[in-house]
Amino acid sequence: MKRTIPLMITAVGGILLIVATFIPATKDWGEKATIWFDILAGIAFILGGVNLLMIHLSKVSDRKKGWAYSLITLLSFLTMLFAGLFKIGSPPAPDQEFYGESFAPLTISQLPDSATFTIPGEIPATITDHIELPASVRTQMTVADGTITFRGWMRPNQLNDLIDFSDNLKWRATMEALAEKAKPQVTLTGSLDWYSDHRALSYGGVMTPEDRTSLEQMGSDAPWKSAIDQLDKLTNKKISLNVKPEDVPPAFINGDKPATVAYESSGQLTATGDMTTGTRDTLKSVFPVVRPMTPEQQQAYWQSLVDAGEKPLDDDARQTFIGILDTLWTKQQLVDIINAAGIAKPGTKSWTQLYEEQQAGVADLNPEIPAGESVTLNDAQLQAIDAYIAAPQQRISQLVINLKAAGTLTGGQQAAMTKYLSSQPTSGRLGRDLTQTLMDKNVSLDQAQLELLLGPYRSEMVWARIVERLFIASHVVKYPYSGEYNATGTPFWWMYEYIMQPLMATVFALLAFYVASAAFRAFRVKNVEASLLLGTAFIILLGRTFAGVWLTSWIDPAGPFSGFRIENMTVWIMSVINTAGNRAIFIGIALGIISTSVKVLLGVDRSYLGSDD
Amino acid sequence: MTTTPRPDTNQNLKTFEKRVWLAVILIIGIVLMTRFFTVKEMGRYYAVDTGSGLEAATAVDKEAGVAFVDVDRSIGIWISALMTIGIFSFLYKDNPYYKVCEALFIGISAAYWMVLSFWTTIIPNLFGKLFPTWTQSWAIPGLPTAHEHDWWLYFVPLILGIMLLMRLFPKYGWMARWPLAFIIGTTAGLRLIGFLEADFWGQIINTINSFPSYASMIEAVNEGNYSELFKLSNAIIVVVSILACLVYFFFSIEHKGAVAKVARLGIFVLMVTFGAGFGFTVMGRIALLAIRLEFLIYDWLALDIVGG
Amino acid sequence: MIDFLDKLDRRWIFLAMGLSVLIPILMKLQFPETATAQSQAVFEEIEKLKEGDPVLMAWDWDPASAGELEPMAKSFVLHCASKKLKMYFLAIYPLGNQMADNDIADVIKVDFPDLKYGEDYVNLGYKPGYEGVIKVIVNNLRELYPTDSRGTNLDQIPMCRNVNSVQDMKLIINVSSGYPGIKEWVQYASTPYKHKFKLVGGCTGVQASLMYPYIPQQLAGQLGAIKGAAEYESLVTEKYDPDSKREIYKEGRRRMGPQLIAHMLMIGLIILGNIVYFAQRSRGAA
């Protein structure tokens, strides 16, 4: 009995996988068996680790020979295990922290009735019973008796999943209509959300008293009120950092600040609520983009660098410098990008529109809406761009306002322009690139010249660090254990990077020495076979390096003896003889594996079960 | 006639050797410390905080004054160098320094595999399937919380896994046979198909496919191009070589007469194959050594002797 | 002399090997590399792909083989990022996940900062199970990978939304240092699904000669050891990064310098060993 069941398990497991390869109906079972195998392979690692722990513990406790080394093994094992299992020092996963949103626990049953939306509809007949609704909506949506009920507010990804669920037009139109219904009231749209997987009510931004009143009117149950209370506290919490006033850029002090960030000239930077990544990125990019330079401006900039220090700079350096400045963006490039984004593209009808057309009897449904008129920049807008170029401190946001005031600017044009300009270098980045290029050309700059180029870079880096500190400080961690166990900078990572990795690599590097020793002591040309082996080894050893290629480079590559060029000989040996030999070995091994596998599966070979006990 | 050295001579030699080593280590230590304090790049990791994490500082960062010496990583470079030298010391002789490095390696790597397995398999693929809500609430926030179809089947690998861990207890060790049997069975099944398809049938197909078609050969010869004939001759050599090797592997019949001659041809083919394999292996080993020496020279000692 | 060589302490040979690698490194000895057919085949296979094509980057190697494989791994990432392919990193070799993170940090984040995680590249992480993992993911990726290595649901990652299995990939690039590795990808992916995608790979010297039987039907091309890495590296950098100052794109070629000297040493040692052997044999016969 002790052996019968394991033998049966072996047979069933193996035969199932073989059958699943040939019979599609059993493919799922084969997949399940493979997944279980993968899980057990993972658990086997734990078995190995605990086994090691027990062996070395007994060695230390019994004070056997070499117990001190076992103690080192134990201590290093436990330290690494502790650091890894508890993810010590690992920051939470950035994609799961929902920066900018505050969470309060709320389960689906605690959602108020006003967050329940219904619409008549049913799952299309083509969807068979065992196919479930998409995972993203499964807990929130039910379909029964011709009614679709959705609890909570639908997010765009949920709508996409529902649209992809079936290509039935009526279903898609219904889902669109449901998404339109399942939204919070207008004043709360964009701020309020509920996540089923996280069982949390979310509020983005700072909760105003008006919003709080609206929320309180939505429901009266205690869990709902408690959640609103918690969100109010979290979103209005203030976090302050003390910073050196000289580290705060004038562009931030004098420009428009995000609504949730305040600064006092004494050096206190305050954030209210959870900072979004957008706010963080906006803060980091307060520095104005460098404007395109005329040749005179380029020359003036170069001259200021020469005058700043005492080190002479030659014409090569000047040309390199000007060459970088020539790569800055131009007005024409910006205009082309904005105009290209203004080219009218055909729109897409909504699923509701298509369904209505289908109901109206339209046979050939066309989802496309013809393109409207293209929008290009007018003269006034071009002048606004000129003014932007002439005013180095003007922000991109001001340019957007000016362009809209001077003419039409579509959403697409605004986005393309913002993306393009935001990717252009600031003074700091330009200075860094100029310094890097001059250094690459071995141009030597003195301290004053470096300060001219790199001063702005330093300021930007210091400010980026301050913003990041404020961003992290303002955030309430939602999932402290969600980070990677081997995140860079953690103790686990450190031990892997600086102890395990070099040890592993060096242990394998020792092989080079042993191969050399073996070459001297063991490789003897005792017979024809040995001489064939060594002769081939010589050809390959030479042929894989430059020396071999050089040795036979005198042979005409197009002549009758070109086959004796070492690179050709190497290719022939590898692709003909080596291939043949390895193929024969593969076939032999394959036959061996097949016969061993069959013996194991049929229970003929039972050695893996160990002895009877 | 040889004389056995007297025991005290051996002892003197060992003491002398220890003293020489001590002196060498002391001198090397002094040289290293001198270099450490005079060369600012040696044994130091310069980092820059970009605002979204630490990165290696470039020369520009150092000039700009935003780079700083990261103490953790600098200590790490020294530890790595000492570990590397510790392992290399085995080439001279087995010694306690090497044994300490070895002990550290065993402990750390065993723990690494355990942690790896826990976070990459047991949590997401086992507990994440059985208890998705609980797993999602603390470990993997992005995990879907809805149970999958047939999720309860995952209790099978959970139970088998627990039985596998019973191997640690002699009294219950017999329980580990079931999961081991499952592992052996599935491995046998997987391997059988994989090797049959790719290594047996696939190789036969590849060999046949390496023959050029008759039409292409005629066309090439008509154009005065003999590459297709060369391809044909190579394909014939491959077939003959494979068959010769397989005859050599066939030990159920006695290698006598014609069989012996064919088997000998097979051995020759195999010797060339092994010679080629040896050549590639040497290349691999040397590259492994090269990267460790590069670390010691560039990352630790910051030696930059210009040449080449 | 013969007796001296016969009784030579092997530690002198170790020293000779150490110096034969150390001196070229100190002198930064480098030689020109011309691409052979295999490296060219790998290069062409990736060149055929178009912008946006999905590529599976199966990183099945560890620090122990970084000497040979790191240059080719970085060159693969440089090539794919330059062509704006969609890169899906995963590992069935325990430390491969870490190697992928390193290559993403060293290549993509530095030279291609415009590429976005989740839209242009993603790291799915490591799963144990050896070839069992391949067997599952060629049909169903989400069964084993419900999230990426950061714990984000695959359905929330834009580039993963429409990817259901490895069959949705146009090409698999495997960097392999042992078991499981390139052989398993051939056996369980490219052989049963030869019409769905191609497989190219890079492997260590130990494996390289063993993979020839699979070329070209099951394995479209392979980079063998550091030589293959150096050749491929020169092809990629010549086309996509000819003026690069970054040392990481020259590692393969840099490591070929020690190869030449060390190979000469190996040949010398074999010849010397045989001289000693034959001299002793003739002495014995006399």
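The values are calculated or read from the model by the stated rules, or taken from the named source; none is laboratory data. Note that the coordinates shown come from a computational prediction; the quantities given were computed from them, not determined experimentally. When we count neighbours, we look across all protein chains shown, and the Cβ atoms used for this are built from the backbone with ideal geometry, even at glycine. Just so you know, the surface numbers come from the protein's heavy atoms only, side chains and all, with ligands and any DNA or RNA stripped out. Shrake-Rupley method; radii C 1.70, N 1.55, O 1.52, S 1.80 Å.
For the reader, a short list of remarks on this structure follows.
- Checked against (1) closer than 30 Å to B:Phe131 by Cβ; (2) assigned to a helix (DSSP H, G or I), B:His149 passes all but a single condition, namely (2).
- For the stretch A:156-184, the set of residues classified as surrounded by fewer than 18 Cβ atoms within 10 Å (Cβ to Cβ) and without any contact (Cβ under 8 Å) to a residue 40 or more places away in the chain consists of A:Pro156, A:Asn157, A:Asn160, A:Asp164, A:Asp167, A:Glu180, A:Lys183, listed by residue number.
- Of the residues making up the stretch B:261-291, those that are charged (D, E, K, R) and more than 7 Å from chain A (Cβ to nearest Cβ) are B:Lys261, B:Arg264.
- Residue in the stretch B:92-99 that is buried (at least 19 other Cβ atoms within 10 Å of the Cβ) and at the interface with another protein chain (Cβ under 8 Å from one of its Cβ atoms) present: no
- The one condition in (1) more than 14 Å from chain C (Cβ to nearest Cβ); (2) within 29 Å of the chain's Cα centre (by Cα); (3) open to solvent by less than 70 Å² (accessible area, probe 1.4 Å) that A:Glu97 fails to fulfil: (1)
- Residue check for A:Thr410: surrounded by 15 or more Cβ atoms within 10 Å (Cβ to Cβ), over 28 Å from the mean Cα position of the chain (by Cα) and at pLDDT below 90: no
- One residue from A:Lys87, A:Lys2, A:Lys32, A:Lys27 being modelled with pLDDT under 90 and outside any helix (DSSP H, G or I): A:Lys2
- For C:Lys245, the test of being open to solvent by 10 Å² or more (accessible area, probe 1.4 Å) and touching a residue at least 12 places away in the same chain (Cβ under 8 Å) is failed.
- Extreme residue, nearest to the other protein chains (Cβ to nearest Cβ), among residues of the stretch B:189-217 that are over 33 Å from the mean Cα position of the chain (by Cα) and aromatic (Phe, Trp, Tyr): B:Phe211
- Long-range neighbours under 6 Å by Cβ, at least six apart or interchain, first residue touching a residue at least 24 places away in the same chain (Cβ under 8 Å) within the stretch A:81-97, second buried (at least 18 other Cβ atoms within 10 Å of the Cβ) and of a type in the set (S, T, N, Q): A:Gly89/A:Thr490; A:Ser90/A:Thr490; A:Pro92/A:Ser482; A:Ala93/A:Ser482; A:Gln96/A:Ser482
- One residue stands out among those in the stretch B:231-287 that are of a type in the set (Lys, Arg) and more than 21 Å from A:Val571 (Cβ to Cβ): the one that is modelled with the lowest pLDDT, which is B:Lys256.
- Those helices (runs of 4 or more DSSP H) lying entirely in the stretch B:191-308 with at least 3 residues more than 30 Å from C:Ile134 (Cβ to Cβ) and either out of contact with any helix residue (DSSP H, G or I) (no Cβ under 7 Å at 6 or more places or on another chain) or among the acidic types (Asp, Glu) (or both): B:214-222, B:227-249, B:258-294
- Any chance C:Ile13 is at pLDDT below 95 and open to solvent by 50 Å² or more (accessible area, probe 1.4 Å): no
- Selection over the stretch A:19-60 of residues that are open to solvent by 30 Å² or more (accessible area, probe 1.4 Å), facing chain C (nearest Cβ under 8 Å) and of a type in the set (D, E, K, R) gives a count of 1.
- Of the helices (runs of 4 or more DSSP H) entirely within the stretch A:444-540, those holding at least 1 residues that are more than 30 Å from the chain's Cα centre (by Cα), modelled with pLDDT of 90 or more and more than 30 Å from A:Leu78 (Cα to Cα) occupy A:447-474, A:501-521.
- Test: residue in the stretch C:17-40 that is farther than 20 Å from C:Glu251 by Cα, touching a helix residue (DSSP H, G or I) at 6+ places or on another chain (Cβ under 6 Å) and of a type outside the set (Asp, Glu): yes
- Candidates are the residues of the stretch B:164-182 that are assigned to a helix (DSSP H, G or I) and more than 7 Å from chain A (Cβ to nearest Cβ); the one that is surrounded by the fewest Cβ atoms within 10 Å (Cβ to Cβ) is B:Lys171.
- The stretch C:180-286 holds helices (runs of 4 or more DSSP H) entirely within its bounds, and those carrying 1 or more residues that are of a type in the set (A, V, I, L, M) and more than 14 Å from chain B (Cβ to nearest Cβ) map to C:225-240, C:251-285.
- Some residue of the stretch A:197-204 being crowded, with 21+ Cβ neighbours inside 10 Å, in a helix (DSSP H, G or I) and out of contact with any Cys (no Cβ under 7 Å at 6 or more places or on another chain): no
- Against the test of being more than 44 Å from the chain's Cα centre (by Cα), more than 8 Å from chain B (Cβ to nearest Cβ) and under 16 Å from C:Gln259 (Cβ atoms), the options A:Gly563, A:Gly559, A:Gly548 yield a single qualifying residue, A:Gly548.
- For the stretch A:1-54, a residue qualifies if it is without any contact (Cβ under 8 Å) to a residue 24 or more places away in the chain, touching a helix residue (DSSP H, G or I) at 6+ places or on another chain (Cβ under 9 Å) and of a type in the set (Ser, Thr, Tyr), and the qualifying residues are A:Thr21, A:Thr26, A:Thr34.
- When C:Glu45 is tested against the conditions (1) buried (at least 24 other Cβ atoms within 10 Å of the Cβ); (2) more than 13 Å from chain B (Cβ to nearest Cβ), the lone failure is (1).
- Filtering the stretch B:42-81 to residues that are surrounded by fewer than 16 Cβ atoms within 10 Å (Cβ to Cβ), in a loop (DSSP other than H, G, I, E, B) and out of contact with any helix residue (DSSP H, G or I) (no Cβ under 7 Å at 6 or more places or on another chain) leaves only B:Gly53.
- Identity of the residue in the stretch C:7-31, more than 7 Å from every other protein chain (Cβ to nearest Cβ) and assigned to a loop (DSSP other than H, G, I, E, B), that ends up farthest from C:Val276 (Cα to Cα): C:Asp9
- Of all residues making up the stretch C:138-164, the number that are more than 28 Å from the chain's Cα centre (by Cα), facing chain B (nearest Cβ under 9 Å) and open to solvent by 50 Å² or more (accessible area, probe 1.4 Å): 2
- Residues of the stretch A:413-443 satisfying the condition of being without any contact (Cβ under 8 Å) to a residue 24 or more places away in the chain, under 28 Å from the mean Cα position of the chain (by Cα) and not in a helix (DSSP H, G or I): A:Ser423
- Filter pass, A:Thr79 being open to solvent by 30 Å² or more (accessible area, probe 1.4 Å), under 36 Å from the mean Cα position of the chain (by Cα), among the hydroxyl-bearing types (Ser, Thr, Tyr) and at pLDDT 95 or above: yes
- Flag for A:Ile577 being β-branched (Val, Ile, Thr), open to solvent by 30 Å² or more (accessible area, probe 1.4 Å) and at the interface with another protein chain (Cβ under 7 Å from one of its Cβ atoms): no
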